[in-house]
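All remarks here apply to the structure that follows.
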């Protein structure tokens with residue numbers, strides 16, 4: 001049971017029922033499998049940091065309450081914070097607006113040896129910008145090719161790009177948003193814009209569909225994650241990340257033998 005990259009040539013379905021996965025094992029079994037994957041991720045991220053030849057960029061997109069924060073806590077909580085950085089993109093600042101839309105994104109790309117996680121990303125510029133009409137159609141449509149070129153350049157420079165769309169159904173989103181309103185430890189996260197975006201559910205669905213179809217490439221694929229069940233979501237995301245890191249055949253660098261000999265002499269002398 002594993003996710004495959006979105007095939008831009010095949011039909012892409014974003015129905016509510018696609019936010020569920022009917023073929024998953026029982027909860028206790030999937031948690032156990034996820035825990036094993038998280039242990040592998042811990043070891044692989046340590047090697048990535050020591051190896052220093054590659055960076056990993058993880059892009060998380062999804063509707064409000066789709067589980068981006070929870071994915072970061074659970075999945076990437078397995079990483080050593082020293083080798084991991086999280087970037088959350090808010091409304092562009094006045095200075096950022098004076099640059100091209102990728103300027104602030106490029107500055108946040110992780111250096112080699114690091115895992116970088118984008119909580120939302122440059123894709124807001126073909127999602128929110130499109131739905132809310134902050135730029136004209138010719139501008140946001142031209143950004144698909146610009147994003148593809150940008151991500152291809154990253155991959156050619158040893159940045160592995162994995163993109164996850166966390167797909168949540170309308171009813172599950174409603175329940176999660178209500179929890180934000182009702183619980184004091186969550187309601188500080190609630191914003192009026194969450195309701196505006198929910199009112200434009202269909203417009204966002206169209207935008208997500210085009211985003212997946214136009215920007216899931218061989219170099220930087222999208223993965224469509226059924227996210228109604230948090231355990232299933234974590235299982236799938238962890239599996240994709242582990243698989244990608246294992247393919248790199250990471251290795252720790254060799255230590256200087258003379259330095260090791262000297263250290264042994266000093267420490268045992």
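The values are calculated or read from the model by the stated rules, or taken from the named source; none is laboratory data. Since the model is a prediction, treat every value here as computed from it, not as a measurement. Reconstructed Cβ throughout: ideal geometry from the backbone, glycine too, with neighbour counts over all protein chains shown.
Of everything in segment 1-34, what is more than 19 Å from residue 115 (Cβ to Cβ) and in a helix (DSSP H, G or I)? Give them in sequence order.
Scanning segment 1-34 gives 16, 17, 18, 19, 27, 28, 29, 30, 31, 32, 33.
Would you say residue 70 is in contact with a helix residue (DSSP H, G or I) (Cβ under 7 Å, 6 or more places away or on another chain), surrounded by 13 or more Cβ atoms within 10 Å (Cβ to Cβ), farther than 23 Å from residue 224 by Cα and touching a residue at least 12 places away in the same chain (Cβ under 8 Å)?
It is false that residue 70 is in contact with a helix residue (DSSP H, G or I) (Cβ under 7 Å, 6 or more places away or on another chain), surrounded by 13 or more Cβ atoms within 10 Å (Cβ to Cβ), farther than 23 Å from residue 224 by Cα and touching a residue at least 12 places away in the same chain (Cβ under 8 Å).
In segment 1-11, how many are crowded, with 16+ Cβ neighbours inside 10 Å and modelled with pLDDT under 85?
0
Kindly indicate which of 199, 191, 176, 180 is out of contact with any helix residue (DSSP H, G or I) (no Cβ under 6 Å at 6 or more places or on another chain), more than 30 Å from residue 53 (Cα to Cα) and either surrounded by 16 or more Cβ atoms within 10 Å (Cβ to Cβ) or at pLDDT 95 or above (or both).
176
Restricting to segment 117-130, name every residue that is surrounded by fewer than 20 Cβ atoms within 10 Å (Cβ to Cβ) and under 13 Å from the mean Cα position of the chain (by Cα).
Result: 119, 120.
Examine segment 136-152 for a residue that is at pLDDT 95 or above, farther than 22 Å from residue 196 by Cβ, crowded, with 18+ Cβ neighbours inside 10 Å and touching a strand residue (DSSP E or B) at 6+ places or on another chain (Cβ under 7 Å), and state whether such a residue exists.
Yes: segment 136-152 contains one or more residues that are at pLDDT 95 or above, farther than 22 Å from residue 196 by Cβ, crowded, with 18+ Cβ neighbours inside 10 Å and touching a strand residue (DSSP E or B) at 6+ places or on another chain (Cβ under 7 Å).
Between residues in segment 1-25 that are closer than 24 Å to residue 65 by Cα and residues that are at pLDDT 95 or above and part of a loop (DSSP other than H, G, I, E, B), which pairs lie under 6 Å by C-beta distance while being six or more apart or on different chains?
What qualifies is 5/221; 6/216; 16/169; 19/168; 19/169; 19/228; 20/228.
Please work out which one of (1) at pLDDT below 95; (2) out of contact with any helix residue (DSSP H, G or I) (no Cβ under 6 Å at 6 or more places or on another chain) is the condition residue 157 fails and give its number.
(1)
Every residue in segment 12-31 that is loosely packed, with under 13 Cβ neighbours inside 10 Å and modelled with pLDDT of 95 or more, please.
Answer for segment 12-31, where residues must be loosely packed, with under 13 Cβ neighbours inside 10 Å and modelled with pLDDT of 95 or more: 13, 15, 17.
Checking residue 109 against (1) in a loop (DSSP other than H, G, I, E, B); (2) closer than 27 Å to residue 205 by Cα: exactly one of these is not met. Which one?
Just one mismatch for residue 109, condition (2).
If I ask for residues that are farther than 17 Å from residue 152 by Cβ and either at pLDDT 95 or above or assigned to a helix (DSSP H, G or I) (or both), which ones from segment 119-131 would you list?
Those that are farther than 17 Å from residue 152 by Cβ and either at pLDDT 95 or above or assigned to a helix (DSSP H, G or I) (or both): 119, 124, 125, 127, 128, 129, 130, 131.
Return yes or no: is residue 139 assigned to a helix (DSSP H, G or I) and closer than 22 Å to residue 90 by Cβ?
yes
Could you check segment 156-207 and list, in sequence order, the residues that are under 30 Å from residue 111 (Cβ atoms) and in contact with a strand residue (DSSP E or B) (Cβ under 7 Å, 6 or more places away or on another chain)?
Across segment 156-207, the qualifying residues are 158, 159, 160, 161, 162, 163, 164, 165, 166.
Within segment 78-91, which residues are part of a loop (DSSP other than H, G, I, E, B) and either in contact with a helix residue (DSSP H, G or I) (Cβ under 7 Å, 6 or more places away or on another chain) or at pLDDT 95 or above (or both)?
Hits for segment 78-91 are 79, 80, 89.
Scan (1) surrounded by fewer than 21 Cβ atoms within 10 Å (Cβ to Cβ); (2) more than 21 Å from residue 194 (Cβ to Cβ); (3) under 14 Å from the mean Cα position of the chain (by Cα) for the single condition residue 102 breaks and write down its number.
(3)
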